[in-house]
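Each remark here refers to the structure printed beneath this line.
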Amino acid sequence: MSLSNQSRLAPILKRPFVVGAGVVLLGLALGLRAPAQRALVTQADDVVRTEGVVASSDPRLTPEELANIRVYDTVNQSVVNIATSTVQYDFMGMPIEGSGSGSGAILDKEGHILTNQHVIDGADQVQITLASGAAFNARVIGSDKEYDMAVLKIEADPEVLNPVKLGRSDNLRVGQKAYVLGNPFGLEGTLTTGMISSLNRTVPSRRGGRAMTGMVQTDAAMNPGNSGGPLLNSSGEMVGMCVAIVSATGQNAGVGFAIPMNRIRRFLPELLEHGRVIRAYHGIVLLNETPRGLQIAKLAKGGPAENAGLRPFVEVIETGRQGPFIVQRTRLDRDHADLIVAIDTKPVANHEDFVTLMDSYRPGQRVIFTVVREGQRLDVPVVLGAA
């Protein structure tokens, strides 16, 4: 589903993601959810290789231009336009029709399409239009709001489907060429170029949830309508899915973000098989960030962390005298709590480190939490549950 209007998004990070006065973080889905409401944009990935058209050897074209053409010819048939429609009701009960649009990538010959969850969120009807102009109704196979991923499916002849090739994001380098291909402002098949500007960015959630960590930053232009479309490398491989921009105007300002392909690869099978992301559950409810590590403030009763013996803050009841009265006061004993400094030997310095590491685990895995307890360093094994 598209984000409507230019609503300011409050950062949820302890150390805020500063974007400057008047600058806001926006999704990239283009749409109207009600009359005169304008929405914003985001982007995505795939699995099977397609053979692209070889770029012309026209001597008037530079090597860079030939490379751009090669990427476009290879991937354009793999990118789709996504149009959504909704029906809302005013205070009189009268229906108000809304619409939105975004981009997506063909995953396989079976008709699976990858896009952002916010592109299709709340939609009553979703229509996919291929690069050829053929249109199909789509149904949602799976989605996850927290990771902003969704998989759709259309019933189409496999011969008309050209899956995008899924690359990897763990070998990306700052400064390498980057491409964005999608449908900004409804202009299908639009290619923009730039570079990978930074890696492992933490982006505040647009929805008040947890921050999105590990994002890929690029200056390749993203605009409303690019949501769910691919971020590509110079080989035409999808290395990320466009998801948000930082902008004071709601349009491209050279700072765009994409969900890394390795994260998509991690959760895509679960979306296809179960319709949702099955998260590893550790049972740590609240962490307190300190200069020395993450202090456990609260654990879920009977959760994996508590069962493993990890220790949170404890309430201590103290009795004292106040004038002629005897009163009881409750305080938190912070010295009792474990301080997490590493997970499976990987250092943990802040919330972002913790979230990123835990996202890499699956239910049932045994994870070693290295903690400092009463001045002593020790390893505590935790068997993760499912959530």
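Please treat every number below as a calculation from the coordinates, not as lab data. Small disclaimer: the values here were computed from a predicted structure and weren't measured. All Cβ positions, glycine included, derive from the backbone under ideal geometry; neighbour counts span all protein chains shown.
Some notes on this structure:
- Listed by chain and number, the lysines whose alpha-carbon sits under 28 Å from that of K177, ignoring those within fewer than 8 places in the same chain, are K165.
- Ordered by the count of other Cβ atoms within 10 Å of each Cβ, fewest first, F91, F185, F136 give F91, F185, F136.
- Under 18 Å from K145, Cα to Cα: aspartates and glutamates that are on another chain or at least 8 residues apart: D45, D121, D124, E270, E273, D359
- Rounded to the nearest 0.05, the FRET efficiency derived from the C-beta distance between L66 and R173 at R0 = 30 Å is 0.85.
- Ranking of L232, L66 by count of other Cβ atoms within 10 Å, fewest first: L66, L232
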